[in-house]
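S.K.: Let me begin by handing over the structure; questions about it come next.
Taken together, the values in this text are just the output of simple stated rules run on the coordinates, not laboratory data. Model, not experiment: these values are computed from the prediction. Every residue, glycine among them, receives a Cβ derived from its backbone with ideal geometry; neighbour counts consider all protein chains shown.
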Amino acid sequence: MKTFDHVDIPDLRADDLRTLSDKLSPLHQLIESHLRESRTLATLRDALLPQLMSGRLRVKDAEKIVEDHV
């Protein structure tokens, strides 16, 4: 699905819309935070894994790098 054209969306009064937005905002912020963390971890994985596999980097050193970035 690329759009929500097929979904019926009820008309909400402005105060109901604000209430809903206030309740959903923390959840939206949490989702954004988890997405940023996931991207950071994926970038670290992509950078560290080849070095770990080749033996150029030890696990202990990789753990330190990850600690510094997360």
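S.K.: Of ASP22, ASP46, ASP11, which has the largest mean-square fluctuation in a 10 Å C-alpha GNM of the chain?
M.R.: With Cα springs under 10 Å in the chain, the top fluctuation among ASP22, ASP46, ASP11 is at ASP11.
S.K.: Under a 10 Å cutoff between Cα atoms, tell me which one of ARG45, ARG56, ARG36 has the largest fluctuation in the Gaussian network model of the chain.
M.R.: ARG56
S.K.: While we're here: For the stretch 26-69, with only Lys/Arg (+1) and Asp/Glu (-1) charged at the beta-carbon, what is the dipole magnitude about the Cα centre, in debye rounded to 20? Please report the intermediate quantities before stating the final value.
M.R.: Numbers: 7 positive and 7 negative charges, 38 e Å.
Computed charge dipole of the stretch 26-69: roughly 180 debye.
S.K.: Rounding to the nearest 10 and keeping the result within 0 to 90°, find how far the Cα-based axis of helix 14-54 lies from the longest principal axis of the chain.
M.R.: That works out to roughly 20 degrees.
S.K.: What share of Cα pairs, in percent, lie more than 16 angstrom apart in the chain?
M.R.: That fraction is 68 percent.
S.K.: Any chance you could check the Cα centroid distance between the stretch 22-36 and the stretch 47-61 for me, in angstrom?
M.R.: The distance from the Cα centre of the stretch 22-36 to that of the stretch 47-61 comes to 33 Å.
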